[in-house]
1. Could you list, in sequence order, the residues of the range 188-203 that are farther than 20 Å from ARG176 by Cα, open to solvent by 20 Å² or more (accessible area, probe 1.4 Å) and assigned to a loop (DSSP other than H, G, I, E, B)?
2. I need the full set of residues from the range 335-362 which are surrounded by 14 or more Cβ atoms within 10 Å (Cβ to Cβ) and closer than 30 Å to MET96 by Cα, in order please.
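The values are calculated or read from the model by the stated rules, or taken from the named source; none is laboratory data. The structure displayed is predicted, hence computed values, not measured ones. All Cβ positions, glycine included, derive from the backbone under ideal geometry; neighbour counts span all protein chains shown. Just so you know, the surface numbers come from the protein's heavy atoms only, side chains and all, with ligands and any DNA or RNA stripped out. Shrake-Rupley method; radii C 1.70, N 1.55, O 1.52, S 1.80 Å.
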Amino acid sequence: RICLSEALATLRCLRCPCKDPPHPSYMVPGVRVHGQNVTDVEVKLDEQFRPVPVPNEAGIPLLYKKMPGTGGDDSGIRNSIIVRFMSDPQSGFAPMEWQYGGPRGPAPPAVLARKDERPFSTQDWKVMEDYMSWWSEEMSELDETRAVKSLEFLRPPSLQNFVRSHPSGSGFLDLRFPVGSTVLAEGLSAQELNSEGEVVQYSRDRVGVLFPAREAPVAVRPERLQLIRECPLPIKEDLPEDPEQKVKRQKHLDRQEATVICERFLECLHQDTFPEMGEIHLFGVGSDYHSRAQDVLGVWQGAAKNLDLEVEPMIEAMLNGKMKEFFEKLCYHLAETRAPNAPYATKLIENRFAAVEWDNLL
């Protein structure tokens, strides 16, 4: 007999990945995410689920669905970790529909599960979160080649190598022990199972192995297994992208990035907090002449609080490389008012905007 801790219980059969939509009444192991909390739950897949971009690029067919309501008191939520998880593979930013926080409040609860109906656990979430942090850091070092290089990083072998270089826990067992691979079990109390077997399925924290001595798969902890012969991962084929669609997509990504940057900058102005250091040159605040940078920031704050500065004109100016001209018009407008920050505008105009430095987004 095998002790309970070695998990003799057999696992339910694993369905093969396919292009057909999930069965509307089929429950699969997934997670629920709300605020900073991630919990294991059973998820009912239906046609309302949508792909999570980065995991799908990396070969994991992960789906999400926003749930109605908040699921309880969310007044204490300060960070919605799901937002970063929804980053676009090329821009690195979450789309506008996921830009929660500030006036919009926290993100609603969401459930995630895999389209191929393999388990997705809190351990998988943690590994994918670490992988996306690594990917984001790598992308921050790139220049205009970011969009292309990003997709080169997000390949199934890249994620598999990352998972195997971080073997702690039981995240993504299907990447550590792919279906069809031969493994050697060691340290099991049933001696006849300390032998080679074939990987056939998974639970959240165990691998289903078919041994010659048993008719049904046996659930084995991953630390008891050694990979002997690996079954290769499916090769992801890249289809050529239509040039027109490529241009259209790039424009969409540029607008998405400009929107995030301008909204974040405007929020900082209203909250009297200093803007992101990596973005201040886009707004003329990054001058080495600190007094001039203070004048520029003073004008922006005055415009935000006294001229009802809106984000859409800022976005258009940034996309068209006209932020300098946009700012100078704001200066003349603010200088004509009695707003507290009007002297900053007057000073800049008198000095003909000398020593104000600008960078363009594109």
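1. Across the range 188-203, the qualifying residue is only SER189.
2. Within the range 335-362, GLU357, TRP358, LEU361 meet the criteria.
The rows are residues; the columns are (1) modelled with pLDDT of 85 or more; (2) part of a helix (DSSP H, G or I).
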residue: LEU253; (1), (2): no, yes
residue: ALA258; (1), (2): yes, yes
residue: ARG264; (1), (2): yes, yes
residue: LEU269; (1), (2): yes, yes
residue: GLY278; (1), (2): no, no
residue: HIS281; (1), (2): yes, yes
residue: GLY286; (1), (2): no, no
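Conditions tested, residue by residue: (1) in contact (Cβ under 8 Å) with a residue 12 or more places away in the chain; (2) more than 24 Å from ARG255 (Cα to Cα).
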| position | (1), (2) |
| --- | --- |
| GLY284 | yes, no |
| ASP295 | yes, yes |
| ALA303 | yes, no |
| LEU309 | yes, no |
| ILE315 | yes, no |
| GLU325 | no, no |
| GLU357 | yes, no |
